[in-house]
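So the structure is just underneath, and the comments pick up after that.
The values are calculated or read from the model by the stated rules, or taken from the named source; none is laboratory data. Keep in mind that this is a model prediction, so the values were computed, not measured. We place every Cβ from the backbone using ideal geometry, glycine too, and count neighbours over all the protein chains shown.
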Ligand SMILES: Nc1ncnc2c1ncn2[C@@H]1O[C@H](COP(=O)(O)OP(=O)(O)O)[C@@H](O)[C@H]1O
Ligand SMILES: [Mg+2]
């Protein structure tokens, strides 16, 4: 029955992902780690992404601990230059240096050269808030959202300057929707993960994969 317009799937027995929020910390962490791994693989290994992170598209199997991903109506291939731009952004973030981070933010299309030119201090302030949050010792706690307000304060001059208003490229928006949707799920699940080591290990593994 599968054709050009119909994708037939197995029925997968699972519970709504929200059920996971009542599970013990360890199980929530494991499921969120799997979700993050999936996003990273979609972007850096498959080059193909399901870009609809509606919570109803994720389900959970308590018995196996596995995540079920559904709804491939908004699946799309990711252009190689977008993949490379995100790779540079992630590497610059792990490196924690302002210059490469600003360059990567430009490359991905989050900011325009004008923002970098007119609001360098505010931009650097935002980068500092994020780096300080990500580099806090111990596990990364997705439920800890204090940095959002600090980020908003630093961003105020950029937001107030209408000349900066710009929409990132469509490719970036699709990918970003997926990444932020996954992050919001991690927040909802109050996950705690060794985020930095996970990302570093993934990038290393993805690079090996590329060379093959
Ligand atoms: N393969 C499947 N196994 C189990 N449940 C499914 C499956 N496909 C869809 N569903 C259920 O149907 C709902 C709607 O399907 P989905 O593919 O997300 O379509 P829509 O585009 O309407 O969101 C899902 O949220 C899920 O509850
Ligand atoms: Mg759906």
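Could you go through segment 8-16 and let me know if any residue there is at pLDDT 95 or above, under 19 Å from residue 179 (Cα atoms) and more than 16 Å from ligand 2 (Cβ to nearest atom). No.
Identify all residues within segment 136-153 that are outside any loop (DSSP other than H, G, I, E, B) and surrounded by 14 or more Cβ atoms within 10 Å (Cβ to Cβ); write none if there are none.
140, 141, 147, 150, 151 - these are the residues of segment 136-153 that are outside any loop (DSSP other than H, G, I, E, B) and surrounded by 14 or more Cβ atoms within 10 Å (Cβ to Cβ).
The residue that is nearest to the chain's Cα centre (by Cα), counting only those in segment 72-84 that are more than 9 Å from ligand 1 (Cβ to nearest atom) and without any contact (Cβ under 8 Å) to a residue 60 or more places away in the chain, is 83.
So, in segment 154-180, how many residues would count as being farther than 16 Å from residue 82 by Cα and loosely packed, with under 13 Cβ neighbours inside 10 Å?
The total comes to 8.
Total residues in segment 39-71 satisfying the condition of being within 16 Å of ligand 1 (Cβ to nearest atom) and either free of Cβ contacts under 8 Å to residues at least 60 places away in the same chain or surrounded by 14 or more Cβ atoms within 10 Å (Cβ to Cβ) (or both): the figure is 20. Every condition in (1) in contact (Cβ under 8 Å) with a residue 24 or more places away in the chain; (2) surrounded by 14 or more Cβ atoms within 10 Å (Cβ to Cβ); (3) under 18 Å from residue 183 (Cβ atoms) holds for residue 102 except the one numbered (3). Taken as a whole, segment 121-135 holds no residue that is surrounded by fewer than 13 Cβ atoms within 10 Å (Cβ to Cβ) and under 30 Å from residue 77 (Cβ atoms).
Of the residues 104, 132, the single one that is within 30 Å of residue 26 (Cα to Cα), under 19 Å from the mean Cα position of the chain (by Cα) and in a helix (DSSP H, G or I) is 132. Residues in segment 158-172 that are in contact (Cβ under 8 Å) with a residue 40 or more places away in the chain and not in a helix (DSSP H, G or I): 161, 166, 168, 169. Can we say residue 95 is away from ligand 1 (no atom under 16 Å from the Cβ) and exposed (fewer than 14 other Cβ atoms within 10 Å of the Cβ)? Yes: the conditions hold for residue 95.
Tell me, please, whether a residue that is at pLDDT 95 or above, more than 16 Å from ligand 2 (Cβ to nearest atom) and within 20 Å of residue 8 (Cα to Cα) can be found in segment 30-46. No, that holds for no residue.
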